[in-house]
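Peer 1: Starting off with a structure, shown below.
The values are calculated or read from the model by the stated rules, or taken from the named source; none is laboratory data. On a predicted model such as this, the values are computed, not experimentally measured, just so you know. Here the Cβ positions follow ideal geometry from the backbone for every residue, glycine too, while neighbour counts run over all protein chains shown.
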Amino acid sequence: KKLIIINGPNLNILGKREPKIYGSLTFTEFLEEVKQKYSTIQIDYFQSNIEGELISKLQDADALYDGIILNAAAYTHTSVGIGDAVKAIETPVVEVHISNTFDREEFRHVSYVSPNANGVILGFGLQSYELAIQSFMN
Ligand code: DQA
């Protein structure tokens, strides 16, 4: 199995960013642990703070992977373009969020990704990513 995790803006500063909400582990540290734990699966990683780069990556990842795990971060709530890209591609996309976005500000209750995703996992901290990986394991 080949999966790719695509992370959106500000997820490159995980660990030092609002640790009460997002935890104190960096994504690099977390990814190392996850890759060891699920060593039979190829897990690639891409992060960008730029909306268009995320759209291009979604397009390029199509057909190359068995699954895409997408945390579009703040663009989740604003980006018609990312929503359209998820809709346009064949590869199943699981949307993840670290925090429970429904327990936060109202503007985080909207997602342009969800209507086009195969599933949504949120609110379990970094474990949300692990649950998404497991969803592709059957
Ligand atoms: C997030 C939730 C978003 O609302 C926020 O903008 C993020 C991270 C999460 O993983 O909890 O940057 O996607």
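Peer 1: Restricting attention to segment 103-131, which residues are part of a loop (DSSP other than H, G, I, E, B), touching a strand residue (DSSP E or B) at 6+ places or on another chain (Cβ under 8 Å) and crowded, with 19+ Cβ neighbours inside 10 Å?
Peer 2: Listed by number, the residues that qualify are SER111, VAL113, ALA117.
Peer 1: Can you say whether GLU95 is more than 13 Å from the ligand (Cβ to nearest atom), within 29 Å of PRO19 (Cα to Cα), surrounded by 17 or more Cβ atoms within 10 Å (Cβ to Cβ) and of a type outside the set (Ser, Thr, Tyr), as far as the supplied structure shows?
Peer 2: no
Peer 1: Among the residues of segment 20-56, write down those that are assigned to a helix (DSSP H, G or I), over 22 Å from ASP84 (Cα atoms) and within 13 Å of the ligand (Cβ to nearest atom).
Peer 2: Scanning segment 20-56 gives LYS20, ILE21, TYR22, PHE27, PHE30.
Peer 1: Among the residues of segment 68-81, are any within 10 Å of the ligand (Cβ to nearest atom), surrounded by fewer than 20 Cβ atoms within 10 Å (Cβ to Cβ) and either modelled with pLDDT under 95 or assigned to a loop (DSSP other than H, G, I, E, B) (or both)?
Peer 2: Taking every residue of segment 68-81 in turn, at least one turns out to be within 10 Å of the ligand (Cβ to nearest atom), surrounded by fewer than 20 Cβ atoms within 10 Å (Cβ to Cβ) and either modelled with pLDDT under 95 or assigned to a loop (DSSP other than H, G, I, E, B) (or both).
Peer 1: Go through (1) modelled with pLDDT of 95 or more; (2) surrounded by fewer than 17 Cβ atoms within 10 Å (Cβ to Cβ); (3) farther than 18 Å from ASN12 by Cβ one by one and return the number of the condition ILE50 breaks.
Peer 2: Going through (1) modelled with pLDDT of 95 or more; (2) surrounded by fewer than 17 Cβ atoms within 10 Å (Cβ to Cβ); (3) farther than 18 Å from ASN12 by Cβ one by one, ILE50 breaks only (3).
Peer 1: For GLU105, work out the one condition from (1) more than 10 Å from the ligand (Cβ to nearest atom); (2) free of Cβ contacts under 8 Å to residues at least 24 places away in the same chain it doesn't fulfil.
Peer 2: (1)
Peer 1: In addition: SER128 passes all but one of (1) in contact with a Gly (Cβ under 7 Å, 6 or more places away or on another chain); (2) within 16 Å of the ligand (Cβ to nearest atom); which number fails?
Peer 2: Result: SER128 fails condition (1) only.
Peer 1: If you check ASP60 against the conditions, is it acidic (Asp, Glu), modelled with pLDDT of 95 or more and over 17 Å from TYR129 (Cβ atoms)?
Peer 2: Considered against the rule, which asks whether it is acidic (Asp, Glu), modelled with pLDDT of 95 or more and over 17 Å from TYR129 (Cβ atoms), ASP60 comes out as yes.
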